[in-house]
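See below for the structure under consideration.
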Amino acid sequence: MRNNTSLNNFAPRNYLFDGVLSLIKICVGTRNPSKIRGIEKAFNLFFGEIMINSYDIEGLTPQPLGLVDIKDSAKQRVLRIREKDPFCDYYVGVEAGLIELKGLGYFDVHIAYVLSRDGFESYGFSPAFQVPMKFVDKILSGEFRELEEVVDHFFKTRGIGERGGLISVLSRGILVREELVYYSVATALLPLINKSLYYNE
């Protein structure tokens, strides 16, 4: 039998407190506009209108390499936000990094880590795309600290990581970083809106 239940029935919506509508509070470990828009779009999909608080996070690896480093950096963003604001409904960290696929080269991927106020956690991934090896070499050699710097240098852009990302340049503006962030966060939310399937409560 087909289940016609709306997705909205699986996700907690905004709630009333003393008769006043209270928006779900999302705390994110970034000030990057592309990341914030992608995070907001993903939460809007499942939760409707929300409130976002963004925080600067310092001291992380400029360019994570490998899945472990990327996911750990995403989680570190959340742990540092929680120290600053313990009253968020959801904490979100999104990190982009490079992963090597033997024989194929290096690919850029975004990983999102989401932690709920009641302690449930989940990861999600964006689609990945191949990065030109000439760009990767400049990072591995230490000439540049991160991919954004390489792209800005090569294409004479400024702050491309906050304005569409490398993917926007490669795709002639058809694809943008915001969408990669959106998919990483949206997939991270799937376990959290289906807790009975994923967690032993």
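The values are calculated or read from the model by the stated rules, or taken from the named source; none is laboratory data. Please read these numbers as outputs of a predicted model, since none were measured by experiment. Don't worry about glycine lacking a Cβ; one is built from the backbone with ideal geometry, like all the others, and counts go over all protein chains shown.
Determine, yes or no, whether F47 is surrounded by 20 or more Cβ atoms within 10 Å (Cβ to Cβ), over 18 Å from E162 (Cβ atoms) and free of Cβ contacts under 8 Å to residues at least 40 places away in the same chain. Judged against the criteria, F47 is a match.
Kindly indicate which of V109, V94, V114, V185 is part of a helix (DSSP H, G or I) and either crowded, with 17+ Cβ neighbours inside 10 Å or not small (G, A, S) (or both).
Going through V109, V94, V114, V185 in turn, just one is part of a helix (DSSP H, G or I) and either crowded, with 17+ Cβ neighbours inside 10 Å or not small (G, A, S) (or both): V185.
Taking the criterion of being surrounded by fewer than 13 Cβ atoms within 10 Å (Cβ to Cβ) and either touching a helix residue (DSSP H, G or I) at 6+ places or on another chain (Cβ under 7 Å) or without any contact (Cβ under 8 Å) to a residue 24 or more places away in the chain (or both), the residues of segment 75-91 that qualify are E83, P86. Pairing each residue of segment 51-74 that is of a type in the set (K, R) with any residue that is modelled with pLDDT of 95 or more and assigned to a strand (DSSP E or B), provided the two are 6+ apart or on different chains, yields C-beta distances under 7 Å for K71/I111; K71/Y113; K71/Y123. Restricting segment 165-182 to residues that are at positive phi and surrounded by fewer than 18 Cβ atoms within 10 Å (Cβ to Cβ), the residue that is farthest from the chain's Cα centre (by Cα) is R172.
What helices (runs of 4 or more DSSP H) lie completely within segment 125-171 and have 3 or more residues being in contact (Cβ under 8 Å) with a residue 40 or more places away in the chain?
Correct list: 165-170.
What do you reckon, is S73 among the hydroxyl-bearing types (S, T, Y), under 14 Å from the mean Cα position of the chain (by Cα) and assigned to a helix (DSSP H, G or I)? Yes. State all residues of segment 33-44 that are over 11 Å from the mean Cα position of the chain (by Cα) and surrounded by 20 or more Cβ atoms within 10 Å (Cβ to Cβ); if no residue qualifies, say none. Result: F43, single match.
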